[in-house]
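Bear in mind these aren't lab numbers, they're just calculated from the coordinates by the rules spelled out. A quick note: this is a predicted structure, and the numbers were derived from the prediction, not measured. All Cβ positions, glycine included, derive from the backbone under ideal geometry; neighbour counts span all protein chains shown.
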Number of protein chains: 2
Amino acid sequence: MTGAATPTDVVVALDVGGTGMKCALVRPDGTVAHTERHPTDAGRGASAVVETVLTVAEGLTERARRAGLTPVACGVVIPGVVDEAAGVAVWSANVGFRDVPLRELVRARTGLPTVLGHDVRAGGLAEARLGAGRGAGHVLFVAIGTGIAATHVVDGVAATGAHGAAGEIGHILVRPGGPRCGCGRPGCLEAVASASAVARRYAELTDAGGPPVTAAGVAERAAAGEPLAGRVWQEAVEALADGLATGQALFDVTTVVLGGGLAQAGPRLFDPLRVALKERLTFHREPRLVPAALGDEAGCLGAALLALDARPALDDLSTLDGVPALNDLETQ
Amino acid sequence: MTGAATPTDVVVALDVGGTGMKCALVRPDGTVAHTERHPTDAGRGASAVVETVLTVAEGLTERARRAGLTPVACGVVIPGVVDEAAGVAVWSANVGFRDVPLRELVRARTGLPTVLGHDVRAGGLAEARLGAGRGAGHVLFVAIGTGIAATHVVDGVAATGAHGAAGEIGHILVRPGGPRCGCGRPGCLEAVASASAVARRYAELTDAGGPPVTAAGVAERAAAGEPLAGRVWQEAVEALADGLATGQALFDVTTVVLGGGLAQAGPRLFDPLRVALKERLTFHREPRLVPAALGDEAGCLGAALLALDARPALDDLSTLDGVPALNDLETQ
């Protein structure tokens, strides 16, 4: 029976972020049976956050069984540096994790075979397979929010790199001598074109009192014809185009999917960005440039995909470690 | 018997460049049974070059049989744009090819199942599997000569991209507003740090009569303490470090292998480049930076690897298309 999905199978999926957790029960065909959200409240410290993750994962597992579903595996994704092979949250500033063996903790609590992954990589995987990149063999997913990160997905598999650190497009040089990045180097893409960089740059130039203007606000003012906002927005667009052209030169994809907060600017971002990108492509084939389709549930769906992908191997484990017995208990 | 190598099996491998062809008979374990070189003389036009390729491939096939070896497949690699799936040389300026169905032509002439590939990608594959990247799972091979190109190899497989154009690291932006590249854009890595860019920049700054100074000459003068040469060389090193740091941010490899003419500068390149690269790496893991080990035979060995990799599928074909009968003839 190993690997054969039954109509009631689901995986438990958790996307753990700095402020909230997006959670779901997902069927093997990628459809969602149930979703719920919980606050992370990272300020409580790592131990408290881990306990919340475990409680939520356990609760979802039990909820599935009460609904007559069969939880077969669990996928958890987190930000920061993740050792996917070891199942360890190496370093996640947003949630305060440092060397937390999260995979084993979740497995022990839920009784389910568990996979640990990286949130942006999982989100990119979901966009490539279920979202805006569906049907394209070669996809680059770029999330533009507080930071900028990418996932390169070929034939439904996301590249991890040798140390789980592939896809750091936010830290490629686009403006030598430019604004200093959080990573310590000047001129990184993230330091010029992330949502926070746009807001910061506008604040520097206007030096206005009052509430800070967000990147979306800058885009709106630019569209309304305010010259300074127009200049800041265009600088970000040009830098993004430089970064995407570099990505295309190296990866040669068919489709670039943009997600994250900045992508919600819609045509205000995509229209000038398509023009700027096209200017930079010479010998390259021009990729389709499309907005992400899954919204903020991409990471959670990606967590589900990671668990589903690992099922054939995990199923063997679950047969060994007594999950069928737990299932028997549940049906009493 | 499909796929089972016998002790006399060899593949016929050709690396076709603008000036010369490097050719070999290679055993399934990667050892070389025979090598030969021929001039390409590209100025004769595409038809004449194709005829030379076919004659050389046929000659190598016959030579193998005369030596009691069994040619089982043929691998041909060329520069430029290659449609590997269709087996077509789409556009190779160096050798004058434009939409040449080279795979089918070689197959028809030699009677051997044939694979067509890209020269730099094949060379990178050979360096990753047989050369300086041997044993490393994630390798970035960068060839720095007249141009700059890269191959990303993970677990012995080279990334091709959606259109066969992946790895164009020569055309990533490193110096906005910098020297114009052959591709038409300003500030590409290739326009600042290729061997020809280094020679050109030095000539511009010195404006001296006499024979032009090559990049190797600039490196030598820099090492001898000539300030202008030192400045030009350091500019190239800094740009290369920027390009490699971008590569590491996106690919996260364990080993970067540098080949091509510029890499022959040895410690004059590698010593300052390691320092400059290290300065740029913050969160990234630092890759090993090593010179290529296979010299100018990497492309030819890569052609052999492509043919060997395709053998399981090709063997089925060769059984169908009568190669065993040809072998029987040869033993008369």
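Listed values, structure above:
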quantity: A:A203-B:Q234 pseudo-label distance in nm [points 7 Å out on the Cα-to-Cβ vector]; calculated: 3.7 nm
quantity: Nearest-0.05 FRET efficiency for A:R288 and B:D296, computed from C-beta distance (R0 56 Å); calculated: 0.90
quantity: Convex hull (Cα only) mean projected area of chain B, reported in nm² to one decimal; calculated: 17.9 nm²
quantity: In nm, spacing of pseudo-spin labels at A:K278 and B:R44 (7 Å Cα→C-beta vector); calculated: 4.4 nm
quantity: Amide H partners (placed H, <5 Å) of B:L289, local residues excluded; calculated: B:V256
quantity: Other copies of B:E220: label-to-label distances in nm, shortest first, labels 7 Å along the beta-carbon direction; calculated: 6.6
quantity: Distances in nm from A:D41 to the matching label points in the other copies, shortest first (labels 7 Å along Cα to Cβ); calculated: 8.3
quantity: A:G187 long-range amide H proximity, modeled H, under 5 Å; calculated: A:G178, A:R180, A:C181
quantity: Shape call, region A:136-292: gyration tensor on alpha carbons, a/c limit 1.5; calculated: prolate
quantity: Kyte-Doolittle at least -0.5, axis length at least 24 Å by Cα - qualifying DSSP helices, chain B; calculated: B:46-66, B:227-251
quantity: Within 10 Å of each Cβ in A:250-262, the average number of Cβ atoms from other chains; calculated: 3
quantity: Förster radius 35 Å - calculated FRET efficiency between B:E104 and A:A85 (Cβ-Cβ, nearest 0.05); calculated: 0.20
quantity: Burial order of peptide ranges A:30-40, A:138-148, B:51-61 (average beta-carbon count within 10 Å, highest first); calculated: A:138-148, B:51-61, A:30-40
quantity: Ranked by how many other beta carbons lie within 10 Å on average, peptides A:279-288, A:300-309, A:186-195 from highest; calculated: A:300-309, A:186-195, A:279-288
quantity: Under 11 Å, Cβ to Cβ, from B:L305 - net charge with Lys/Arg +1 and Asp/Glu -1; calculated: +1
quantity: Gyration tensor (alpha-carbon) shape descriptor, the protein assembly as shown, a/c threshold 1.5; calculated: oblate
quantity: Approximate spin-label separation A:H163-A:T8, in nm, with each point projected 7 Å along Cα-to-Cβ; calculated: 4.7 nm
quantity: Per-peptide average of other Cβ atoms within 10 Å, ordering A:249-257, A:267-275 highest first; calculated: A:249-257, A:267-275
quantity: Residue-averaged [θ]222 nm for chain A, counting only DSSP H segments that reach four residues, each worth -39500 (n - 2.57); calculated: -13000 deg cm²/dmol
quantity: Per-residue average of Cβ from other chains inside 10 Å of A:151-164; calculated: 4
quantity: Inter-chain Cβ neighbour average for residues A:239-247, partner chain, 10 Å; calculated: 3
